[in-house]
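Shown next, in structure tokens, is the structure this report addresses.
The values are calculated or read from the model by the stated rules, or taken from the named source; none is laboratory data. What you see is a predicted model; the values in this text were computed from it and never measured. Note that each Cβ is placed from the backbone with ideal geometry, even for glycine, and that neighbours are counted across all protein chains shown. When the accessible area is computed, the model is the full protein with side chains, heavy atoms only, and any ligands, DNA or RNA have been set aside. Shrake-Rupley method; radii C 1.70, N 1.55, O 1.52, S 1.80 Å.
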Amino acid sequence: MLFVAASALVAVAITAAGARADDTVTLRGAYYREPSTRVIQPTVEVERDDDSGIDVKAHFLVDTITSASVSAGTAADTIFTETRNEVGLALRKRWSRNDFTVGYRYSAESDYWSHAVAFSFSRRVWGDTGRVGVSLGFTHDTISSRFRTPACATPPSTACSLNGFPLFSGAVGRLLAPSFLGLTYTQVVTQDLVAQSSTEVSFLEGFQGNLYRSVPNFGYEVVPDKRVRAAVAGRLAYYVAATQTALRLAYRYYTDFGPGDRGAEDPWRIQSHMVEGRVYQPVTRTLEVRLSYRQYFQSRAQFWCDALGRPGCYPPAALYYSTDPKLGRVRTEYPEVQLVWLAEALTDVPVLGWLAAGTFDVSYGHYFQNTSFGNAHVLQLGYTMPY
């Protein structure tokens with residue numbers, strides 16, 4: 001699902017400028033570390049923009065996740081490592097004032113497989129000072145438990161289910177089938193000010209929990225299998241010519257809802273607010289510093305209670321129950337600093353001279369979280385080279 005939303009936003013961001021990018025190869029590595037989890041993610045991305053107006057972008061990444069199993073809700077704390085591979089391809093056609101992009105992404109883990117397709121169309125309006133965009137996406141995911149037995153005796157049976165969701169064969173079934181719709185409008189207000197507004201809605205149906213997370217006195221978690229997620233966002237970007245400083249402010253409001261089972265009230269009703277500010281400042285002709293700060297506030301899902309902190313908070317007849325801390329009240333703060341360096345100084349350096357045409361970037365951010373996951377460090381390194 002994240003791919004669909006990200007593809008839509010990336011497509012709008014790329015086309016908003018109305019200019020073609022250079023042909024590039026980007027190598028990037030990310031490292032995420034919190035008390036019980038470590039994630040290492042190398043990524044390769046290639047982009048080719050052709051004079052014919054047909055552009056191609058492809059990427060491949062690997063997530064290596066090492067975590068303590070107790071963080072996923074299991075009873076015994078053991079260390080495990082999970083690897084996720086992802087490959088994606090996007091094609092864009094530019095003509096007149098229009099852009100059309102279609103993208104596909106495949107992601108695979110040992111027990112989870114995901115296919116996603118995204119489409120986006122945008123058109124420049126008002127003398128090329130504005131741009132309107134629409135995005136549409138679909139995802140189809142499947143799952144296979146490594147050790148969990150589904151609630152049926154001899155699959156495939158029509159009665160075979162996982163938390164009430166039908167399975168095709170054995171412990172393999174359709175996990176999630178969301179669709180996404182997004183609308184974005186970008187307007188150049190003055191030569192120094194750009195504004196953007198967007199709205200998006202996602203329709204999710206399928207198993208939305210964690211196969212291995214358990215709840216005291218209940219067993220494996222059960223969460224609603226239908227959900228509608230909606231968000232509206234606004235962004236302002238302002239350029240101070242005197243100091244060559246770029247400023248950006250963003251706000252996003254999110255809410256979700258879904259039908260309750262057997263006439264019960266809406267089990268979701270999560271609401272969140274996100275505010276982020278960024279400052280981009282050139283230090284020298286080849287070095288730029290970016291400072292950013294983000295705050296996120298989230299209410300809890302209506303059906304959720306802290307069963308680990310307050311055992312017995314779920315009534316015996318509860319329809320849904322989970323110990324996922326991300327469904328409770330969440331507050332995070334994320335300051336980050338990034339340096340971007342044009343590597344021209346390497347031109348005459350032996351061995352390293354071939355890197356002079358590219359750009360290096362390095363960033364460090366720190367998550368302050370109120371959940372049981374604890375605070376986290378985020379380090380990213382990247383290099384982009386034209387070809």
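The table that follows gives values for the structure above.
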quantity	calculated
Looking only at segment 169-215, and only at residues there that are small (Gly, Ala, Ser), at pLDDT 95 or above and open to solvent by 20 Å² or more (accessible area, probe 1.4 Å), the one that is nearest to residue 142 (Cα to Cα)	197
Unique match (being out of contact with any helix residue (DSSP H, G or I) (no Cβ under 6 Å at 6 or more places or on another chain) and open to solvent by less than 70 Å² (accessible area, probe 1.4 Å)) among 130, 137, 103	130
In segment 261-303, the residues that are open to solvent by less than 40 Å² (accessible area, probe 1.4 Å), out of contact with any strand residue (DSSP E or B) (no Cβ under 7 Å at 6 or more places or on another chain) and among the hydrophobic types (A, V, I, L, M, F, W, C)	301, 303
Count of residues meeting criterion [assigned to a strand (DSSP E or B), within 30 Å of residue 66 (Cα to Cα) and not hydroxyl-bearing (Ser, Thr, Tyr)] in segment 91-117	7
Residue in segment 58-65 that is over 27 Å from residue 221 (Cβ atoms), touching a strand residue (DSSP E or B) at 6+ places or on another chain (Cβ under 7 Å), modelled with pLDDT of 95 or more and open to solvent by 50 Å² or more (accessible area, probe 1.4 Å) present	yes
Selection within segment 298-328 - closer than 27 Å to residue 378 by Cα and touching a Ser or Thr at 6+ places or on another chain (Cβ under 6 Å)	298, 325
Some residue of segment 254-262 being β-branched (Val, Ile, Thr) and farther than 28 Å from residue 209 by Cβ	no
Leading residue by the ranking (modelled with the lowest pLDDT) among those in segment 325-378 that are among the hydrophobic types (A, V, I, L, M, F, W, C) and within 30 Å of residue 308 (Cβ to Cβ)	373
Members of segment 233-258 that are open to solvent by 60 Å² or more (accessible area, probe 1.4 Å) and either over 25 Å from the mean Cα position of the chain (by Cα) or aliphatic (A, V, I, L, M) (or both)	236, 238, 239, 241, 242, 243, 244, 247, 249
Residue pairs meeting the criteria (Cβ under 7 Å; at least 6 apart or on separate chains; first closer than 30 Å to residue 213 by Cα, in segment 320-344; second modelled with pLDDT of 95 or more and of a type in the set (A, V, I, L, M))	327/301
Residue within segment 365-372 that is among the small types (Gly, Ala, Ser) and part of a strand (DSSP E or B) present	yes
